[in-house]
Amino acid sequence: MNLATLSASYLRARPLNTALSVILLALGVATIVLLLLVVGQAEERMHRDARGIDLVVGAKGSPMQLMLSGIYHLDAPTGNIPLSAAALLSKNRMVKRAMPLALGDSWKGHRIVGAGKEYADHYGAELREGRFYDKPMEAVLGAEVAARTNTRIGATIKGAHGMGSEPGEEHEGAYTVVGVLAKTGSVIDRLVLTPIESVWHVHEEHKEPKEEEPEVTVVLIQYASPLAAATLPRQINSQSELQAASPAYETARLFSIVGVGVEALRAFAAVLILAAGLSVFIALYSALEERRYELAVMRTLGASPGRLFGLLMGEAIALSLLGVVLGLLLGHALASILGAWLERQQHYPVTGLEWRPEELWVAAIALGVGVVAAMVPAWRAYRTDVSRTLARG
Amino acid sequence: MIAVRGLSHRYAQQEVLRLPEWKVAQGERWLVLGPSGCGKTTLLHILAGLVRPSEGQVEVAGESLLKLEGARLDRWRATSVGIVLQALHLVRHLSVRDNLRLAQYLAKAPQDDLRIDDTLGALGVAAKSARRPSELSQGEQQRVAIARAVVNRPKLVLADEPTANLDDAAAATVVELLAEQAGRHGATLVVATHDARVKGKFRERLELAVPAGLSASS
């Protein structure tokens, strides 16, 4: 027997009270852990996908839509811009690199991106099988696309107009898969890559006047020097058909919008943890009355007041530890379930198999709440007047 | 063993106990008698170091209790005194065995299952060691309470109205068991009671009177 087993045997004798405190605490911890995992992983991924891209240039419209469609391939594009305008940009002295992309079609929910090989190189994507495309109507699949659709080299795929879960009309031209990329953990895993010319080729069918100038959808730009940030976006935005969006600025704006919801959930989790603290307090405090004799008897057996204080503290710490451990497990389990669901929706994946350093803080704070809640009951146990308690019995 | 001189205790300016002189030798068995309100329980609590008397000298088992403080007093109580109470204050959520183990743990004595079995056996409740106190009869609970009081081989065993809730047969047995268990290790036994069935059991008696100014009604 020791303080821990003594505390545990008391908690076991009151299963409902114990369960209530533990469950409240676990729910609070789980909510916060889930938020940490989802928000943290989303931020990390968005940061990784936008790395090395200082500016997205495309047709006029919402700058956030431009960023979401141009970098993350999440939203519909804002429109197209003339190839000549894109070519002009790449000659600008402030531009180190300009990568034009042609968007608009998808295959089985995966976006078909017309891009040069430098786009794959930018994300460090290497070929797992086959070769890179060198002529129109050849395609290279991202790792996730190949895995999910179980497609091998040599297969032919037909793009459909539009994107998302309900694609439009299928195009006539078929692409031949010539290569599959290795997994990079970035957005390119979810894309089908093809030369820009293929996209033009496919869309020519719809256009009557053949003399029309070829178009691209966005240009991803890397600055030649940080000074470009001051002048280049303004210079581009002053042109009537172009718009420039800064991924850094737009992502920050996006998170400040989503942040309201995240803050609300965080506050809700904090309320749950406080309620758990209150539940620990009430459980210990209300039990003091019926435990008066028990505590006084322990004093007659030679327990010091400090030992009784430690006993109640031990009970609170055991409750909190149990709640924290359950909460951590539950939070990670929920993240895994959410991850599996998002995977099916072909969104950003979330994993529950990752630990974040902030979780240590959550655990420490939840434990702290339990300890603080036990202070007053433990102090009253410390002050038990043995003689008067026994005389009343 | 026990030496009391000029003892007086007041509670809320009322004198609740007065005992000018009392001496007890090691191994003696005493009854403390008197009506309700005469201070029997207070005297026992003073002897156990649970209450500090307002006045007087108290020496128990070679220690002057007024000189012991805090944790040292708790430690002394754990190893030197065994207490049996009127109401059966066994710890409800612990088994019979764990109630005895609790006494060993709190006295920082080795947790010795053989000693626990031996003590429970001597009191005829060895078969109940895995039970909760609520599953036992009143008489069995009182035997377990006695077992818990003597498991650490104290020099002094104090019992406060140990027969109050028992029928005649059980009351007689409990007093005999108390005397027997105290005798096993040469402990001094002091039983406070106003139970007429117990009065004739020991030769040594201390009659306490209700202090002046207090009504005898309790």
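Only one of (1) closer than 23 Å to B:Arg18 by Cα; (2) facing chain A (nearest Cβ under 9 Å) is not met by B:His93, so which one is it?
So B:His93 meets the others, but not (1).
Any residue at all in segment B:74-83 that is touching a residue at least 24 places away in the same chain (Cβ under 8 Å), away from chain A (no Cβ under 14 Å), crowded, with 17+ Cβ neighbours inside 10 Å and among the aliphatic types (A, V, I, L, M)?
The answer is no; no qualifying residue exists.
Looking only at segment B:35-48, filter to residues that are crowded, with 20+ Cβ neighbours inside 10 Å and of a type in the set (Gly, Ala, Ser); which one of those is modelled with the lowest pLDDT?
Per the stated criteria, the residue is B:Gly39.
Suppose we filter B:Val198, B:Val150, B:Val175, B:Val210 for residues that are touching a His at 6+ places or on another chain (Cβ under 9 Å), closer than 30 Å to B:Ser8 by Cα and of a type outside the set (S, T, N, Q); which single one remains?
B:Val150
Please pick out the residue among B:Leu65, B:Leu102, B:Leu106 that is within 11 Å of chain A (Cβ to nearest Cβ) and touching an Asp or Glu at 6+ places or on another chain (Cβ under 9 Å).
Selected residue: B:Leu106, the only one of B:Leu65, B:Leu102, B:Leu106 that is within 11 Å of chain A (Cβ to nearest Cβ) and touching an Asp or Glu at 6+ places or on another chain (Cβ under 9 Å).
So is A:Leu265 in contact with a helix residue (DSSP H, G or I) (Cβ under 9 Å, 6 or more places away or on another chain) and over 23 Å from B:Val91 (Cβ atoms) or not?
In short, yes.
Cβ-Cβ distance below 7 Å, separation of 6 or more or different chains: which pairs start in segment A:369-393 with a residue that is within 14 Å of chain B (Cβ to nearest Cβ) and end on one that is surrounded by fewer than 18 Cβ atoms within 10 Å (Cβ to Cβ) and not in a helix (DSSP H, G or I)?
Partner pairs satisfying both residue conditions: A:Gly393/B:Ala87.
Counting residues that are within 30 Å of A:Leu232 (Cβ to Cβ), which helices (runs of 4 or more DSSP H) fully inside segment A:88-207 reach at least 3?
Correct list: A:117-122, A:196-204.
Against the definition (under 19 Å from B:Lys40 (Cα atoms) and either surrounded by fewer than 17 Cβ atoms within 10 Å (Cβ to Cβ) or within 14 Å of another protein chain (Cβ to nearest Cβ) (or both)), how does B:Glu207 come out, yes or no?
Yes, satisfied.
What are the residue pairs meeting all of these: first residue in segment A:227-252, first residue free of Cβ contacts under 8 Å to residues at least 24 places away in the same chain and under 14 Å from A:Gly61 (Cα atoms), second residue hydrophobic (A, V, I, L, M, F, W, C) and not in a helix (DSSP H, G or I), Cβ atoms under 7 Å, and 6 or more apart or on different chains?
A:Asn237/A:Ala244
Any residue at all in segment A:164-175 that is within 23 Å of A:Tyr72 (Cα to Cα), touching a residue at least 12 places away in the same chain (Cβ under 8 Å) and among the aliphatic types (A, V, I, L, M)?
Among the residues of segment A:164-175, not one is within 23 Å of A:Tyr72 (Cα to Cα), touching a residue at least 12 places away in the same chain (Cβ under 8 Å) and among the aliphatic types (A, V, I, L, M), which makes the answer no.
Out of B:Val174, B:Val151, I need the residue that is away from chain A (no Cβ under 12 Å) and either in contact with a Phe, Trp or Tyr (Cβ under 6 Å, 6 or more places away or on another chain) or of a type in the set (A, V, I, L, M) (or both). Which one?
B:Val174
Hey, can you tell me all the residues within segment B:109-119 that are away from every other protein chain (no Cβ under 12 Å) and without any contact (Cβ under 8 Å) to a residue 12 or more places away in the chain?
B:Leu114, B:Asp118
Just one of the numbered conditions (1) within 12 Å of chain A (Cβ to nearest Cβ); (2) surrounded by 15 or more Cβ atoms within 10 Å (Cβ to Cβ); (3) at pLDDT below 90 is not true of B:Gly70; which one?
Among (1) within 12 Å of chain A (Cβ to nearest Cβ); (2) surrounded by 15 or more Cβ atoms within 10 Å (Cβ to Cβ); (3) at pLDDT below 90, the lone unmet condition for B:Gly70 is (2).
Yes or no: A:Ala391 under 30 Å from B:Leu102 (Cα atoms), surrounded by 15 or more Cβ atoms within 10 Å (Cβ to Cβ) and at pLDDT below 95?
In short, yes.
Taking the stated definitions as given, is B:Gly27 at pLDDT 90 or above and surrounded by fewer than 16 Cβ atoms within 10 Å (Cβ to Cβ)?
So B:Gly27 passes the test.
The values are calculated or read from the model by the stated rules, or taken from the named source; none is laboratory data. As the structure is a prediction and not an experimental result, all values here were calculated from the model. Heads up, the Cβs are rebuilt from the backbone with ideal geometry, glycines too, and the neighbour counts pull from every protein chain shown.
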